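Any read-out appearing in this document is the output of simple, stated calculations on the displayed coordinates, not a laboratory observation. Everything numeric here is computed off the predicted structure, so don't read it as measured data. Cβ atoms come from the backbone with ideal geometry, glycine included; neighbour counts cover every protein chain shown.
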Amino acid sequence: MIHPLDQSKIDVSEVRESALPRTKVRGLNKRFLNPALRDIKGTESHSSPYSNTGLSGPFNVITEKKSIAKEEIIQMIPYQDPFLMIDTVTTIDRDRITAIKNIKKDDFWVKSHFVNFPIMPGVLLIEALAQAGTILVRHNILNHQEQDILLHTFKEVNFFRPVFPEDQIRLEVKMLNLSDKTALLRGEVFVNDRLCSDSEFILAIVNRRKFREKYARK
């Protein structure tokens, strides 16, 4: 999920403050972005079939079900074990998703991250939120199989409690804003209903064929 977007055609100005109530989204400052992104033009917001209408994109594009099994998740996002950070989606709605990941005693990081006292790396919690967010974005866009969903920006990441092997993490992600190029989301990680981490992040929506052709190794 975590990809450097050195040249992706994204206009971060399209990530606007959400119209949803009680949600405060802090502004983005372009000078902190990768310099290669500053001169890149994006599609005007009115070109999207659902832009300028909040989160009124096509609901339940992927599935009519309210839960998604691991076998289906693998068909939606380009990840497999051991890097797939979601075991099941328990609920999915127009602007929210809840997913579960069971942390195992033999996960690939256990022996080497805090030797003799294994703690799940914070970057993997971020990755898990990003994967859940990817499913939610795909749930809301047309022709999602023609797009790659890439991590653009993570901001205001907080870690409150460690996560250990044999914990079950619950990922809750809410869509704050969606345009044809970007999605702004807020995610939280819980273990036994106790908040372990939270963050706001932006996912980029890019044409899969063009993106992969551009960055394919020659």
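List of remarks:
- When you filter the chymotrypsin sites (Phe, Trp or Tyr not before Pro) in the stretch 96-205 for DSSP loop state and at most 15 other Cβ atoms inside 10 Å of their Cβ, you are left with 108, 114, 160.
- Exceeding the 31 Å Cα-Cα cut-off - candidates 105/181; 70/210; 66/111: 105/181; 66/111
- Taking the Cα centre of the stretch 101-185 as origin and assigning +1 to Lys and Arg Cβ atoms and -1 to Asp and Glu Cβ atoms, the resulting dipole is close to 180 debye.
- Radius 13 Å from Cβ of residue 188, net charge of other residues (Lys, Arg +1; Asp, Glu -1): +1
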